[in-house]
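Accompanying notes for the structure given below.
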Amino acid sequence: MEPEQKYNFKEGATLLIDKPLEWTSFDVVNKVRYALKRALNVRKIKVGHAGTLDPLATGLLILCTGKFTKKIDTYQSLYKVYDGTMRLGATTPSFDAETEINEIFPLENISPKLIQDNIQHFVGEINQVPPMFSAIKVDGQPLYKKARKGQEVKIKSRKVTIHDFKIPEIRFPDLDFEVKCTKGTYIRSLAHEFGQKMNNGAYLTKLRRTQIGEYHLKDAWQLEDLIAHIRDNYTPEENA
């Protein structure tokens, strides 16, 4: 990210943003769109994101404006890199900390060797079941809405590819991990299924996306800095 960089938002721009905790990806899109409409004095401007991050996840989010929204599918198809933390010994319905713990498991039989031995089962092409608390639509309704109503839905597994999966630090009951994966991979499901593989439980407590293809988090805007940049540096004439 270049602080002095000038964008032509109407013609098209690609923006790298560090999504804040507890913001949805659409919250970020709406915030940027509103700032652009005010700065450029326009009623409409196209803004879209290239790959959802859950509210409890932070990190790299790619936004496109104007004609560059046509590039969104290209960005979405790129590999993703994450780092995060999963907690052993319990599960939640959402596979992360959004919902309360629903089952607890003893940890006496979990060893560092067992953890490292099970990593290999999650590298390569795997079948993964998306979490019930996800935006995947069934019968025209997002799964998370059905989940919040207590409805049970049979979810089909999907093939995803884990290029790399490492657990560089074990801090029982927490495991710090790094993952490089394809589009459509649910890291929450990866944590949940990793716990299952050890006849135990696990859920995601922290997730940060650090890379999308060759785009890096270190080059991303902090959201409030981008909003201030738009407010202070753009006029309708400059983006005519």
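The values are calculated or read from the model by the stated rules, or taken from the named source; none is laboratory data. Because the structure is predicted, anything quoted here is derived from the model rather than measured. Note that we place each Cβ from the backbone using ideal geometry, even for glycine, and neighbour counts take in every protein chain shown. Calculation scope for accessible area: heavy atoms of the full protein, side chains included, ligands and nucleic acids excluded. Shrake-Rupley method; radii C 1.70, N 1.55, O 1.52, S 1.80 Å.
Filtering the stretch 194-224 to residues that are farther than 20 Å from L60 by Cα and over 18 Å from the mean Cα position of the chain (by Cα) leaves F194, G195, Q196, K197, M198, N199, N200, G201, A202. Restricting attention to the stretch 40-60, the residues that are more than 11 Å from the chain's Cα centre (by Cα) and either of a type outside the set (V, I, T) or assigned to a helix (DSSP H, G or I) (or both) total 7. Looking at L21, is it closer than 18 Å to Y234 by Cα and at pLDDT 95 or above? So L21 fails the test. Within the span defined as the stretch 83-101, every residue fails to be of a type in the set (F, W, Y), in a strand (DSSP E or B) and in contact with a helix residue (DSSP H, G or I) (Cβ under 7 Å, 6 or more places away or on another chain).
Within the stretch 154-166, the set of residues being open to solvent by 30 Å² or more (accessible area, probe 1.4 Å) and over 11 Å from I119 (Cβ atoms) comprises K154, I155, K156, S157, R158, K159, T161, H163.
The residues of the stretch 65-122 that are over 19 Å from the mean Cα position of the chain (by Cα) and of a type in the set (G, A, S), listed by number, are G66, G89, A90, S111. The set of residues from the stretch 71-100 being open to solvent by 80 Å² or more (accessible area, probe 1.4 Å) and in contact (Cβ under 8 Å) with a residue 40 or more places away in the chain comprises K71, R87, E98.
Condition check ((1) surrounded by 16 or more Cβ atoms within 10 Å (Cβ to Cβ); (2) touching a Lys or Arg at 6+ places or on another chain (Cβ under 6 Å); (3) in a strand (DSSP E or B); (4) polar (S, T, N, Q)) across all residues:
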site: K10; (1), (2), (3), (4): yes, no, no, no
site: L21; (1), (2), (3), (4): no, no, no, no
site: V29; (1), (2), (3), (4): yes, no, no, no
site: R33; (1), (2), (3), (4): yes, no, no, no
site: R38; (1), (2), (3), (4): no, no, no, no
site: I62; (1), (2), (3), (4): yes, no, yes, no
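The set of residues in the stretch 183-221 being open to solvent by less than 40 Å² (accessible area, probe 1.4 Å) and in a loop (DSSP other than H, G, I, E, B) consists of G184, T185, M198, N200, G201, G213, A220.
Each residue in the stretch 40-52 was checked for being at negative phi and surrounded by fewer than 21 Cβ atoms within 10 Å (Cβ to Cβ), and 8 of them qualify.
None of E169, E178, E224 is closer than 20 Å to W23 by Cα and either in contact with a helix residue (DSSP H, G or I) (Cβ under 6 Å, 6 or more places away or on another chain) or surrounded by fewer than 20 Cβ atoms within 10 Å (Cβ to Cβ) (or both) except E224.
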